[in-house]
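Colleague: My questions all concern the structure below.
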Amino acid sequence: MDYLPIFADLKQRPVLVVGGGEVAARKVELLARAGAEIRIVAQSLSPELEQRRQSGGINWLGQAFAPHQLDEVFLVIAATDDAALNAQVYAEADKRRVLANVVDDQPRCSFIFPSIVDRSPLVVAVSSGGKAPVLARMLREKLEALLPASLGTIAQLAGGFRTRVKQQLSSIGARRRFWRSP
C-alpha cells in the first residue's frame, strides 16, 4: 500500500491552493465541502474562484507563491501548469512536513485525492495510488450507481443510536453482532 487511506477533518483548518484555474477550482470545491479555510495564490482566478472570493469563501493571498505561505497550513495543493513552480511548492512543503498534492504529478504527492462517492455522512473513496486514476474513476462510477442516495440518511440514523448501543452492549463483539443482525 503506497498511501494510507485516511479521512482528514479539515474544518477550520488552513489549506493553501497554488493555482487559480479549473483544476484548482475543482479542488477548492472539495475543500469547501470539507469546511477548510481556503487560501489561494494565483496569477488570476477562474470565474468560479473569483465568485467564491467575492462571497468570502476563499482568501486570495496574491499572485506570487512565497514559501512562508506554507508556515501555518495543514496541507497544500499545487494546481498550476508551471512544472517548476509545482516542484518548488512540493519541495518547500516537504521541508516543513506539510502534506502536499501536486496535481497530476504523483511522485510529488504526500497525499492524493481519491475518487469519491459522497452519501454523507457515508463516504466511499477509491484510489489506485495515483497509478490508474481513470480506472479508479470508473470503479467509483459503478459504486455510485450501486449505492442508493438514501444510504446517507441510514448512516445518520445509525449514528443516532450509536451511543445508546455502546451503553447497552459493552463488548465490541456484542455490538458487531447487534449491527449485523437482521
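Colleague: Give ARG180, ARG96, ARG162, ARG175 a once-over and let me know the one that is farther than 23 Å from ARG26 by Cα, at pLDDT 95 or above and not acidic (Asp, Glu).
Modeller: On the way: ARG180 fails: at pLDDT 95 or above; ARG162 fails: at pLDDT 95 or above; ARG175 fails: at pLDDT 95 or above.
Step by step, each of ARG180, ARG96, ARG162, ARG175 is checked, and only ARG96 is farther than 23 Å from ARG26 by Cα, at pLDDT 95 or above and not acidic (Asp, Glu).
Colleague: Right, something else. Output the residues belonging to region 97-109 that are within 17 Å of ALA8 (Cβ to Cβ) and either in contact (Cβ under 8 Å) with a residue 24 or more places away in the chain or not assigned by the TED database to the domain that holds ARG33 (or both). Walk me through how you get there before you give the answer.
Modeller: First, the residues of region 97-109 that are within 17 Å of ALA8 (Cβ to Cβ): 97-101, 109.
Answer for region 97-109, where residues must be within 17 Å of ALA8 (Cβ to Cβ) and either in contact (Cβ under 8 Å) with a residue 24 or more places away in the chain or not assigned by the TED database to the domain that holds ARG33 (or both): VAL98, LEU99, ALA100, ASN101.
Colleague: Any residue in region 158-173 that's more than 23 Å from LEU122 (Cα to Cα): show its pairings with residues that are modelled with pLDDT of 90 or more and open to solvent by less than 100 Å² (accessible area, probe 1.4 Å) at Cβ separation under 7 Å, as long as the two are six or more apart or on different chains.
Modeller: What qualifies is LEU169/ARG175; LEU169/PHE178.
Colleague: Then there is this: Within the set of pairs 6 or more residues apart or between chains, which connect a residue that is closer than 14 Å to LEU70 by Cα inside region 37-57 to a residue that is in a helix (DSSP H, G or I) and of a type in the set (S, T, N, Q) with Cβ atoms less than 8 Å apart?
Modeller: ARG39/GLN69; VAL41/GLN69
Colleague: Still on this model: Just to be sure I understand, how many residues within region 8-23 are in contact with a strand residue (DSSP E or B) (Cβ under 7 Å, 6 or more places away or on another chain) and in contact (Cβ under 8 Å) with a residue 60 or more places away in the chain? Outline the logic, then answer.
Modeller: Keep residues of region 8-23 that are in contact with a strand residue (DSSP E or B) (Cβ under 7 Å, 6 or more places away or on another chain), which gives 12-20.
Filter once more, keeping what is in contact (Cβ under 8 Å) with a residue 60 or more places away in the chain: 13-19.
Within region 8-23, residues that are in contact with a strand residue (DSSP E or B) (Cβ under 7 Å, 6 or more places away or on another chain) and in contact (Cβ under 8 Å) with a residue 60 or more places away in the chain number 7.
Colleague: Identify, please: which residue in region 41-57 is of a type outside the set (S, T, N, Q) and under 19 Å from LEU85 (Cβ atoms) and is, among those, most open to solvent (accessible area, probe 1.4 Å)? Before you say what the answer is, go through the steps one by one.
Modeller: Of all residues in region 41-57, those of a type outside the set (S, T, N, Q) come to 41-42, 45, 47-50, 52-53, 56-57.
With the extra rule that they be under 19 Å from LEU85 (Cβ atoms), the set shrinks to 41-42, 45, 49.
Working: VAL41: 3, ALA42: 6, LEU45: 29, LEU49: 0 Å².
Residue satisfying both the conditions and the ranking: LEU45.
Colleague: A follow-up question, please. Which one of ARG162, ARG177, ARG137 is in contact with a Ser or Thr (Cβ under 8 Å, 6 or more places away or on another chain) and not hydrophobic (A, V, I, L, M, F, W, C)? Can you show your working first?
Modeller: Numbers: ARG162 fails: in contact with a Ser or Thr (Cβ under 8 Å, 6 or more places away or on another chain); ARG177 fails: in contact with a Ser or Thr (Cβ under 8 Å, 6 or more places away or on another chain).
After applying the criteria, what remains is ARG137.
Colleague: Looking at ILE154, is it of a type in the set (Val, Ile, Thr) and either more than 18 Å from ALA42 (Cα to Cα) or in a helix (DSSP H, G or I) (or both)?
Modeller: Yes: the conditions hold for ILE154.
Colleague: Here's a follow-up. Considering VAL18, VAL102, VAL73, which residue is β-branched (Val, Ile, Thr) and either open to solvent by 50 Å² or more (accessible area, probe 1.4 Å) or out of contact with any helix residue (DSSP H, G or I) (no Cβ under 7 Å at 6 or more places or on another chain) (or both)?
Modeller: Numbers: VAL18 fails: either open to solvent by 50 Å² or more (accessible area, probe 1.4 Å) or out of contact with any helix residue (DSSP H, G or I) (no Cβ under 7 Å at 6 or more places or on another chain) (or both); VAL102 fails: either open to solvent by 50 Å² or more (accessible area, probe 1.4 Å) or out of contact with any helix residue (DSSP H, G or I) (no Cβ under 7 Å at 6 or more places or on another chain) (or both).
VAL73 is the lone residue from the list that is β-branched (Val, Ile, Thr) and either open to solvent by 50 Å² or more (accessible area, probe 1.4 Å) or out of contact with any helix residue (DSSP H, G or I) (no Cβ under 7 Å at 6 or more places or on another chain) (or both).
The values are calculated or read from the model by the stated rules, or taken from the named source; none is laboratory data. Everything quoted here is computed from the prediction, not taken from an experiment. Positions of Cβ are generated from backbone atoms using ideal geometry, with glycine treated the same way; all protein chains shown enter the neighbour counts. Heads up: the accessible areas ignore ligands, DNA and RNA and are worked out on the full protein's heavy atoms, side chains in. Shrake-Rupley method; radii C 1.70, N 1.55, O 1.52, S 1.80 Å.
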